[in-house]
Amino acid sequence: MNRTLIYSVMTLSLLTNIYADENLNPAQIMQETLAKMQAVAQMSDKSQKNNDTNTSDFTLGKYGTFKFEKANDNVYIMHGPVVGPNKENEGFMNNPAVIESEHGLIVIDPGGNYNVGKKVLAEIEKVSTKPIIAVFNTHKHGDHWFANKAIVEKYPKVDIYAHEHMIKVSKEGEADVWYGILNRATKGNLEGTKEFAFPTKPLVDGDSIEVDGQKFVVGHPKVAHTDTDLLITHINSNTLFLADNLMKGRLGSFDESSSIFGNIELLEQIKKDTNYTLYVPGHGISGKKDETIDPFLNYLKVLVEEGQKAYDDDKESYEIKDEVLKKLEWMKDWDAFERNAPAHLNKAMLEMGERELDAQEDEE
Ligand SMILES: [Zn+2]
């Protein structure tokens with residue numbers, strides 16, 4: 001039955017009921033009827049809204065439907081589309097995580113803008129209706145943290161943790177740069193994201209945080225994906241969140257602060273020294289240690305090995321690009337492979353030059 005029909009039937013029955021009360025004049029009857037109709041309409045609107053948040057799916061065109069799935073003990077992860085930001089994915093492309101504690105929820109990297117954040121929040125509420133009591137952001141790139149805005153709107157006092165340098169550079173202009181990148185890529189889906197909801201609680205390498213019985217240790221042993229990365233270990237579930245120091249199925253961008261050599265050293269160190277139950281990349285599917293770390297680590301090592309040979313022969317990266325891409329055939333289906341691999345090779349060779357200069361300065 002459509003709404004107009006329901007309202008007509010209701011009006012008729014309300015009028016009939018009220019006419020039965022002989023003490024009211026026609027004007028009073030009309031007024032009461034209208035007031036009752038309004039109340040019923042409001043109730044109906046409310047239940048409509050509740051239905052929307054409880055049952056509607058977070059669907060992004062050809063990329064499918066996204067929801068949080070239990071990944072380990074009390075850890076839930078929503079693995080986002082393994083592609084760059086675009087109109088169809090609305091700028092959603094990372095792996096938001098939820099950790100359920102006794103009294104609340106802790107969120108890691110809620111996503112890339114306010115609108116996505118609202119949808120992620122609706123999915124979080126399907127995991128549990130407990131309040132969000134803390135948020136962690138893994139690094140300065142906006143695709144991971146701009147959705148803080150939706151969480152802060154609902155929980156204005158929530159603590160948001162990030163590396164201290166992430167907070168500093170984001171406020172000094174990095175957030176605006178990322179706003180431009182993501183707004184252009186999504187054709188304007190960044191609406192509502194400003195004023196930014198910056199992290200509020202600065203952390204440094206080695207800090208321990210306990211939130212409602214959930215223990216976290218954070219690390220920033222060296223510059224790798226960026227100079228603001230936070231490795232997050234969730235002690236209770238034995239899970240490591242690697243931020244964009246690890247990707248699977250997609251090649252993201254390095255920026256002027258990144259170090260490919262640092263990224264290799266970091267991943268080798270994690271492989272050697274850790275034994276967690278679950279490893280969570282910044283983009284791509286989570287899993288056991290070797291299956292998640294090896295593909296990206298091997299990729300970076302090929303860039304450095306091949307790049308070093310060319311560097312020693314005084315060749316430019318574009319001269320060996322095709323040869324290197326051929327050696328990496330196994331990852332040709334990774335998103336942005338053909339565009340980003342040559343750029344990464346170039347970056348690796350630039351770093352070789354910088355490292356050589358640094359070594360010479362050290363000798364002098
Ligand atoms: Zn990143």
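Values quoted throughout were computed directly from the atomic coordinates according to the rules given, and no laboratory measurement underlies them. Just so it is clear, the structure is predicted and the values come from calculations on it, not from any experiment. In this analysis, Cβ positions are derived from the backbone assuming ideal geometry, glycine residues included, and neighbour counts consider all displayed protein chains.
Brief remarks follow.
- Arranged from fewest to most other beta-carbon atoms within 10 Å of their beta carbon, E172, E268 become E172, E268.
- R0 of 56 Å, Cβ-Cβ distance D57-E323: FRET efficiency to nearest 0.05: 0.80
- Net charge of neighbours whose Cβ lies under 10 Å from the Cβ of K222, counting Lys and Arg as +1 and Asp and Glu as -1: -4
- Sequence of W145, W334 once ranked by neighbouring C-beta atoms within 10 Å, starting from the fewest: W334, W145
- The stretch between D212 and K289, if pulled fully straight at 0.36 nm per residue, gains 24.9 nm over its current Cα-Cα span.
- Links that overshoot a 20 Å alpha carbon limit, given the list K222/K326; K119/K288; K288/K321; K309/K332; K119/K149: K222/K326; K119/K288; K288/K321; K309/K332
- Separation in nanometres of the label points that stand 7 Å from Cα toward Cβ, at K222 and D205: 0.9
- Long-range amide H partners of H283 with built H, under 5 Å: K248
- Likely footprinting exposure, F216, F136, fewest C-beta neighbours within 10 Å first: F216, F136
- Residues with amide H under 5 Å from that of I132, placed H, sequence gap 5 or more: L105
- Per-residue ³J(HN,Hα) for the range 316-331, Karplus 6.51 cos²θ - 1.76 cosθ + 1.60, θ = phi - 60°, Hz, x for Gly and Pro: 8, 5, 5, 6, 10, 3, 4, 4, 5, 4, 5, 5, 10, 2, 4, 10
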